[in-house]
Amino acid sequence: MRRPALFNEPKRELWLAWYATVAFYSLYAIVFFIVTRTQPPGKPWYDPNQVVGWFANRHDGLLIGFAIIFVLGGLSATSIALITYSIRRMSVSRAFSYSYLILYAVSAVPGFLFICVAMTVGAMRPERNPVIQRWLYDLGFLSFSGTMGVFLIGSLIWMTAILLDKNRVFPKWFAYLNLCNALTEVVVAPSWIFHVGAFAWNGVIAWWINVVVFGVYTGAFIYLLRCMILREDFGTGPLPDLASKHWHTIFPAEVGAS
Amino acid sequence: MNRTTGERIIFWALPGVAIVWIAAFFLFPGFLPPMSPKASAIQVAAFYANHTSRIRYSMILFNWFCVALIPILMLIVERMRLMAHRTPVLRFCVIGVAGAAPIVFLTSTIFWLLAAFRPDRSPDLTLLYNDLAWITFTCGVPFLVALCVFVAVAIYLDQQANPVFARWVGHFNLLIAVALVPAGFAGLTLSGVLAWNGFLSFWVKNVAIAVWLIVMAVALGRTLGRERAATEDFV
Amino acid sequence: MTPSFNRRLFFVWLILVGITTSYLWIDHEATHSGVPTASAVITVAAICLALIKVRIIMREFMEVRGAPQLLCRLTDFWVVLMGVAMLGVYVAGKAIA
Amino acid sequence: MPGQPDMWVFVLFESLVFTSYFCVYLYSRTQHEASFLRSQAHLLLWLGVLDTVVLLTSSWAVARCVQHARTGWYEQARRDAWVAAGLGFVFLVLKIFEWVRLIHFGHTFTSSQFFQYFFFLTAIHFVHLLIGFVVIGVLILQLKDPKRRRQETVETCATYWHTVDFFWVLIFALLYVVR
């Protein structure tokens, strides 16, 4: 039987995860910015009737866009897994990689599932009481922007791991960029307090500047993960057969980290 | 050598969990038949007022046991350790979605329980809780879809003379992933096959989850003995 | 005085503190009978003085003075960039208002 | 190059982020000049000057620390680092005093546009300062242990501390002096 080339590529799992990561972030950007037009976010100062208008304006976009996320959102796990793997390659305790994995896995439900549910429920029944529609609108935007702690602590965990690492899996400047990303989670906190101005959830500081920082950060780590995969050297031989080999030859990566 | 690893305990707890899930499913009055998304706020409020007790007890039961999915998924993760992969990335992918998948169910039980907590409140609010519960429950499939895809990819890449899971288990997982897809679109319509009480979004999706559990349980059960034989060689 | 006492750093510190205290004088000059009034001159002066301080801190304290050309150029460019951005926004804002 | 080049990436990137905050503040200021001036009058300029002098002195101590470490005077260098941390702590106390004073008079994060920016900028700087204490801690540990001592790390830590200092220099001018 002929096999596709992918099967013989020693880094196939890593490449699959990397391409899935790229696909996920592209999809995410398209759905949020183009299909649903929930980014840039709606105005926090809208009164209930304006919120109803907002929902009416993008009724189909919201339902279709978030349905796509409902189906494919789980792909976000691939970037988390790849980053967890990168931390596993570093000369630090496994506690760092597991912490990162759990923090980001937990973030999925409040971080993006809530906005999908709230906006879908809102768009489903345009005739609903406008006050309740605004309640859903707030839930959607604030759960999305206002899920802060997991990303804050997650970035700090990653930063610490990179700074302590002696295997040079990631460059140190990216560790400091993690700090910048962690600080954006501090800067977004006032969006829980203000309805208007630079610090509201659509504000220049709490949204625009943060999005730029996050964009630079995401672009950097996707590129650096690619560099990491390119540098990995598993040899080119066939995969070892389980019965005849010991665990470490099967999982060189897990032994590479202390 | 015959170490007690406890994996068999987790495995044999699965039928018990399944019984509780089935019990909760039949006890909840809104599943047979599934509540209509077209019901008015007054009708929904009346439904919660008339069936308060059954809603509460069934959802408390489901709230307790929906997260029992996690130990089962961890058994799969442990099986993945034995696959001929070079990196743990796919295992991390499964762990990454294993937590979120049942938390979606947990969230929906919270909305159902909230709806039943004060049935005498304004019907609009009860309808809101009802919508939130149904959309979370029905559309909240992203982690299950991803789970099936990750497991399938892991099985396809497990190329050894005696793979952990047979290849058809991989095909089966992809099939289940496809069966779960329509449920994500339940928000688009209030009637028809896609609506949350429709053929695709309700019946196909929930039957797919049930079949997935049964088939994966059987597949897992077959590997348990094999793992023991394999570890004996190592130790 | 320890043999390693660095006279240059001391003078740098003195200049920085001097510029800082000059703000007190600027403020005194700008306040008429206790009521603060808007003043473009003071705003521009304050920002420029702050940027001069930033450059001194970078050159002397952060030792950019002895660093490779690239870093010298880059930090100088950054100071100019910050200045142009802030003053530009200020002037544009004034014009719009 | 003083310290890791990587730290300079952080300095330049974070400077851009801060510059963008400053621009937003300045723009907003020009649009509501009278209100900003009224609120600004409640600040104590001398307190801001004191803050700045304290932080500049702390920076001076760190600069000396780097030079001492370079010439092998590790005892001196460690003392300088402690002085820097101590002055940082004084700044911290002054800042908290200032915040408490303002809140006592009813000027809070939500009370006016100016104080929104005031509390935001001083608080985000405060967070940088808190991180700075961790950095100085690393610096002191490095100087203590002959096996760990690396001039590059000393300079990297110093670069961070000076960055916190010059951010304050800008924030001070923008919040206290600009009219």
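Helix-derived [θ] at 222 nm for the protein assembly as shown: sum -39500 (n - 2.57) over DSSP H runs of at least 4, divide by residue count, nearest 500? Please list the in-between numbers first.
Details: 31 runs with 539 residues, N = 769.
Calculated at 222 nm, the ellipticity per residue is -23500 deg cm²/dmol.
Can you give me the solvent accessible area of residue C:8 with a 1.4 Å probe, rounded to the nearest 10 Å²?
Answer for residue C:8: close to 110 Å² accessible.
Checking the cross-link filter: which lysines have an alpha carbon closer than 22 Å to that of residue D:144, excluding same-chain neighbours under 8 positions apart?
Straight-line reach from residue D:144, under 22 Å: A:166.
Mind pulling the angle between the C-alpha long axis of helix A:210-231 and the longest principal axis of chain A? Nearest 10 degrees, somewhere in 0 to 90.
20 degrees
Defining a contact as two alpha carbons under 8 Å apart and six or more residues distant in sequence, what relative contact order in percent does the stretch C:7-96 show?
Computed over the stretch C:7-96, the figure is 28 percent.
Residue by residue through the stretch A:49-55, what is 3J(HN,Hα) from phi via Karplus (6.51 cos²θ - 1.76 cosθ + 1.60, θ = phi - 60°)? Round to whole Hz and write x for glycine and proline.
Values, residue by residue: 5, 5, 5, 4, x, 4, 5 Hz.
Amide H to amide H under 5 Å from residue D:4: which residues, 5+ apart in sequence or cross-chain, H placed 1.01 Å off N in plane?
For residue D:4, whose amide H was placed from the backbone, the distant partners under 5 Å are D:156.
Could you pull the Cα extents of chain B along its three principal axes, largest to smallest, in whole Å?
For chain B, the Cα extents along the three principal axes come out at 66, 34, 24 Å.
What is the calculated FRET efficiency for residue C:52 to residue C:85, with r their C-beta to C-beta distance and R₀ = 22 Å, to the nearest 0.05?
0.85
Tell me, what is the percent relative contact order of chain B, built from C-alpha pairs under 8 Å that lie six or more residues apart?
21 percent
Under the definition of partner shielding as Cβ atoms of other protein chains within 10 Å of a residue Cβ, what is the mean value for peptide D:111-123?
2
Keeping every protein chain in place, order B:213, A:139, A:63, B:32 by accessible area at 1.4 Å, biggest value first, i.e. largest first.
B:32, A:139, B:213, A:63
Over chain A, what is the relative contact order in whole percent, taking alpha-carbon pairs under 8 Å and six or more residues apart?
That works out to 23 percent.
What figure in square angstrom, to the nearest 10, would you give for the accessible area of residue D:107 with a 1.4 Å probe?
30 Å²
Apply the a/c threshold of 1.5 to the C-alpha gyration tensor of the stretch C:7-96 and tell me whether it is rounded, prolate or oblate.
Cα axes put the stretch C:7-96 in the oblate bin.
Through the Karplus equation 6.51 cos²θ - 1.76 cosθ + 1.60, θ set to phi - 60°, convert the phi angles of the stretch B:19-36 into ³J(HN,Hα) values in whole Hz; use x for Gly and Pro.
4, 5, 4, 4, 4, 4, 4, 6, 6, 5, x, x, 9, 10, x, x, 4, 7
Shape verdict for the stretch A:1-158, please, from the Cα gyration tensor: rounded (a/c under 1.5), prolate (a/b greater than b/c) or oblate.
It is oblate, given that a/c is not under 1.5 and a/b is not larger than b/c.
Just tell me how shielded A:121-129 is by partners: mean number of partner chain Cβ atoms within 10 Å of each residue's Cβ, no decimals. Before the final figure, lay out the partial values.
On the way: counts 13, 3, 2, 10, 6, 0, 0, 5, 6.
Per residue, the number of nearby Cβ atoms from other chains is 5 on average.
For the protein assembly as shown, with all protein chains present and a 1.4 Å probe, just round the carbon and sulfur fraction of the accessible area to a whole percent.
Percent of accessible area from carbon and sulfur atoms in the protein assembly as shown: 68.
At a Förster radius of 45 Å, what calculated FRET efficiency corresponds to the Cβ-Cβ distance of residue B:214 and residue D:141, to the nearest 0.05?
The pair residue B:214/residue D:141 has a calculated efficiency of 0.20.
What angle, in degrees between 0 and 90 and rounded to the nearest 10, separates the Cα long axis of helix A:130-146 from the longest principal axis of the Cα atoms of chain A?
Approximately 30 degrees, to the nearest ten.
With +1 on the Cβ of every Lys and Arg and -1 on the Cβ of every Asp and Glu, and nothing else charged, how large is the dipole of the protein assembly as shown about its Cα centre, in debye rounded to the nearest 20?
Values: 57 positive and 37 negative charges, 194 e Å.
It works out to roughly 940 debye.
Kindly identify the protein assembly as shown as rounded, prolate or oblate by the Cα gyration tensor criterion: order the square roots of the eigenvalues as a ≥ b ≥ c, call it rounded if a/c is under 1.5, otherwise compare a/b with b/c, prolate if a/b is larger, else oblate.
oblate
Could you compute the FRET efficiency for residue C:22 and residue D:47, with r as their C-beta to C-beta distance and R0 at 25 Å, rounded to 0.05?
My answer for the efficiency is 0.90.
Can you send over the solvent-accessible area of residue D:71, 1.4 Å probe, protein chains only, in Å² to the nearest 10?
My reading of the accessible area for residue D:71 is about 90 Å².
Please list B:203, B:196 in order of solvent-accessible area, largest first, computed with a 1.4 Å probe with all protein chains present.
Correct descending sequence by accessible area is B:203, B:196.
Which of the peptides D:111-122, B:148-159 is most tightly packed, and how do the rest follow, judged by the mean count of other Cβ atoms within 10 Å per residue?
Ranked from most to least packed, the peptides come out as B:148-159, D:111-122.
Starting at the first residue of the stretch A:89-96, write each ³J(HN,Hα) from the Karplus equation 6.51 cos²θ - 1.76 cosθ + 1.60 with θ = phi - 60°, in whole Hz, x for Gly and Pro.
Working through the residues one at a time gives 6, 7, 7, 10, 4, 5, 3, 5 Hz.
Can you return the lysines within cross-link range of residue D:95? Criterion is Cα-Cα under 22 Å, with same-chain partners fewer than 8 residues away left out.
The qualifying lysines are C:53.
Relative to the longest principal axis of chain B, what angle (0 to 90°, nearest 10) does the C-alpha long axis of helix B:100-117 take?
Between helix and principal axis, roughly 20 degrees.
Just to be sure I follow the definition: excluding the sites themselves, where is the longest run in chain B that has none of the trypsin sites (Lys or Arg not before Pro) in a DSSP loop with at most 12 other Cβ atoms within 10 Å?
The answer is B:39-235.
The values are calculated or read from the model by the stated rules, or taken from the named source; none is laboratory data. Everything numeric here is computed off the predicted structure, so don't read it as measured data. Note that we place each Cβ from the backbone using ideal geometry, even for glycine, and neighbour counts take in every protein chain shown. Ligands, DNA and RNA are stripped out before the accessible areas are found, and what is left, the full protein with its side chains, is counted by its heavy atoms. Shrake-Rupley method; radii C 1.70, N 1.55, O 1.52, S 1.80 Å.
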